[in-house]
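Working notes, structure below.
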Amino acid sequence: MIYLHSGGGVFEKQVRVNQVATEKAQEIAKNKIKQVVQLSTFADFPVDIEDVGVILLIEPTIELALEVGRLYSQSMDIVIAESAIVGRKLTLCQIEFVVTKICVL
């Protein structure tokens, strides 16, 4: 499952969006008794993924979000905090994948 957290494109909410997404990733990992891996680039991904239950993407590029989604959305949960700057473009993820969108107030 992919969880896409958004503040509605409002830059002032970005810290809260990132915090809520991080908390969601930690909650899922705790329930799975697995680890959270936060990626900024695809090179950050660990070689051994056996203990990974959740991938956390904080304000990722569109390319990173799509690639992670394509490779891992069938095998693990992905939590994304979309950027207020490029957030609207991450709608591509909603078109290509099954996404639960969470609006952060």
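The values are calculated or read from the model by the stated rules, or taken from the named source; none is laboratory data. What you see is a predicted model, and the numbers here were worked out from it, not measured in a lab. Because the Cβ atoms are built from the backbone with ideal geometry, glycine has one as well, and the counts that use them run over all protein chains shown. For the accessible areas, the whole protein counts, side chains as well, though only heavy atoms, and no ligand, DNA or RNA atoms are used. Shrake-Rupley method; radii C 1.70, N 1.55, O 1.52, S 1.80 Å.
I want to check a number: in the chain, how many lysine pairs have alpha carbons closer than 27 Å, given a sequence separation of 8 or more or different chains?
Lysine pairs meeting the criterion: 12.
Considering only V36, V47, V17, give the residue with the highest GNM mean-square fluctuation for the chain, with springs between Cα atoms whenever their separation is below 10 Å.
Highest fluctuation among the options: V47.
Over the chain, what percent of the accessible surface lies on carbon and sulfur atoms, probe 1.4 Å?
On the way: 3310 of 6010 Å².
Carbon plus sulfur share of accessible area: 55 percent.
Using a 1.4 Å probe, what is the accessible area per residue for the chain, in Å²?
Numbers: 6010 Å² over 105 residues.
Here the per-residue accessible area is 57 Å².
Report, in degrees rounded to the nearest 10, the 0 to 90 angle that the Cα long axis of helix 62-72 makes with the longest principal axis of the chain.
Approximately 30 degrees, to the nearest 10.
Specify, per residue and in Å³, the volume enclosed by the convex hull of the alpha carbon atoms belonging to the chain. Write down the numbers at each step before the final one.
On the way: hull volume 8.8 nm³, N = 105.
So the per-residue hull volume is 84 Å³.
Let's test the formula: R0 of 35 Å, r as the Cβ-Cβ distance of R16 and Q74. What FRET efficiency results, to the nearest 0.05?
Values: r = 30 Å, r/R0 = 0.86.
So, using R0 = 35 Å, E works out to roughly 0.70.
As I understand it, the value is the acute angle between the Cα axis of helix 14-32 and the longest principal axis of the Cα atoms of the chain; what does it come to in degrees, rounded to 10?
Tilt of helix 14-32: around 30 degrees.
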